[in-house]
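Any read-out appearing in this document is the output of simple, stated calculations on the displayed coordinates, not a laboratory observation. Because the structure is predicted, anything quoted here is derived from the model rather than measured. Note that each Cβ is placed from the backbone with ideal geometry, even for glycine, and that neighbours are counted across all protein chains shown.
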Amino acid sequence: MRTWLGNVNKAIKTISSGMYVTLETMVQTFRRQAFTQHFEYPEKPVPIRPRYRGFHRFDLTTCIGCEKCAKACPVDCIYIDKAKNTQGKGFVVNGFKIDYTKCMFCALCVDPCPVECIFMGSNYDISCYTRDSCIVDYAKLPLDIAWGQDTLNPTVILESKKIALPVWTPPPAPKKEEAPAPAPGNPA
């Protein structure tokens, strides 16, 4: 009987301490300001910690096309298109795509890079309307956007996806071959 009463007492203390934490958290939510009042987002940027893992930064000029970052990625969201360098050794990187619908921002792609051409940036907001817009090809972005102080934004990414095609012109109409005029002595 004493064991049973001890178990009941322990259960009541456990439930009451859990309910205290729940009620205290509920009261705090009524006291604090909303996120947009506190940070004034999007007018002022949200402060970011130094080791924040945001959207990647990539330097195409130093990339050697070793694909170590793509092999280290646990979700296979990095796609590298490369070709053999005709003027020397190594490869020429034609495309470096990251699919942000798959990326979990783990930063495992940063460590194995031997030339340190990829690292985690501090940008946290690239909103888009389609899933195709979530695939960013860093090889088609301007260098100052992909690597420099400018930030990635949806407008620049959309502009990089546009393909400049020549204006289509209809093929010339085939010339009608005229039948040869009948000879004066032969009626047709």
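Take each of the peptides 50-56, 28-34, average the number of other beta-carbon atoms within 10 Å over its residues, and list them starting from the highest.
50-56, 28-34
If each residue of separation counts as 0.36 nm, what is the full-extension length gain between residue 27 and residue 7 once their alpha-carbon separation is subtracted?
4.2 nm
Computed FRET efficiency, Cβ-Cβ of residue 102 and residue 153, R0 22 Å: what is it to the nearest 0.05?
Values: r = 21 Å, r/R0 = 0.95.
After rounding to 0.05, the efficiency reads 0.55.
Which value in nm describes the separation of the simple spin-label points at residue 125 and residue 173, placed 7 Å from the Cα toward the beta carbon?
My value for the distance between the label points is 5.7 nm.
Under a crude label model (7 Å from the Cα following the beta-carbon direction), how far is residue 111 from residue 143 in nanometres?
Each label point lies 7 Å from its Cα, and together they span 3.1 nm.
Holding the Cα-Cα limit at 21 Å, pick out from 89/161; 68/97; 71/161 the pairs that are longer than that. Each step should come with its number before you reach the end.
Values: 89/161 30 Å; 68/97 14 Å; 71/161 25 Å.
Going by Cα-Cα distance, 89/161; 71/161 fall outside the 21 Å limit.
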